[in-house]
Ligand SMILES: [Zn+2]
């Protein structure tokens, strides 16, 4: 982010919060002239990376979280709106607290904390797969095949 006063390209974030939908309001301070300014950054334009358990990085993807939740909530009394609200609150939490990279474990914990309050069965499904794989990006497919096996029995 470039300082609007002196054009210096290093700034630090002082405060972050989700303002309107899909936008993050950030207070920044220039590391050169120390002046402060506010930016509004669109979520889809912010390239946050997820740090996986093995140390590799992948692009943060809210759809991955939604997919995982939909599988965990299969045939449970949880609406699309509730899933969407959960994904949005996890997304907001990530963008408010992290600027460039977020550990995948942090995302998993946020999801589990919210899912626990929403539906106990979905939480247990999610948690059992999550604890085994420890990675939001890796367990989505595993969760799907695990649930398929269960319904076949
Ligand atoms: Zn400056």
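The values are calculated or read from the model by the stated rules, or taken from the named source; none is laboratory data. In this text, all values refer to a predicted model and were calculated from it rather than measured experimentally. Cβ coordinates were reconstructed from backbone atoms using ideal geometry, including for glycine residues, and neighbour counts include every protein chain displayed.
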Looking only at region 102-112, count every residue that is within 19 Å of residue 63 (Cβ to Cβ) and either surrounded by fewer than 19 Cβ atoms within 10 Å (Cβ to Cβ) or assigned by TED's automatic domain parsing to the domain that holds residue 23 (or both) and tell me the total.
2
Unmet criterion (only one of (1) touching a helix residue (DSSP H, G or I) at 6+ places or on another chain (Cβ under 6 Å); (2) modelled with pLDDT of 85 or more; (3) closer than 30 Å to residue 13 by Cβ) for residue 123
(3)
Among the numbered conditions (1) at pLDDT 90 or above; (2) more than 15 Å from the chain's Cα centre (by Cα); (3) within 24 Å of residue 113 (Cα to Cα), tell me where residue 83 comes up short.
(2)
Breaking point among (1) in contact (Cβ under 8 Å) with a residue 24 or more places away in the chain; (2) under 20 Å from residue 130 (Cβ atoms); (3) part of a loop (DSSP other than H, G, I, E, B), for residue 54:
(1)
Exactly one condition in (1) in contact with a strand residue (DSSP E or B) (Cβ under 7 Å, 6 or more places away or on another chain); (2) without any contact (Cβ under 8 Å) to a residue 12 or more places away in the chain is false for residue 7; which is it?
(1)
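Is at least one residue of region 72-93 in contact with a strand residue (DSSP E or B) (Cβ under 7 Å, 6 or more places away or on another chain), surrounded by fewer than 20 Cβ atoms within 10 Å (Cβ to Cβ) and not in a helix (DSSP H, G or I)? Please lay out each step first, then the result.
Here is the first cut: in region 72-93, the residues in contact with a strand residue (DSSP E or B) (Cβ under 7 Å, 6 or more places away or on another chain) are 92.
Those left that are additionally surrounded by fewer than 20 Cβ atoms within 10 Å (Cβ to Cβ): 92.
Narrowing further to those that are not in a helix (DSSP H, G or I): none.
No; the residues of region 72-93 include none that is in contact with a strand residue (DSSP E or B) (Cβ under 7 Å, 6 or more places away or on another chain), surrounded by fewer than 20 Cβ atoms within 10 Å (Cβ to Cβ) and not in a helix (DSSP H, G or I).
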In region 20-39, the residues that are more than 16 Å from the ligand (Cβ to nearest atom) and either in the same structural domain as residue 87 (by TED's automatic domain parsing) or surrounded by 13 or more Cβ atoms within 10 Å (Cβ to Cβ) (or both):
22, 23, 24, 25
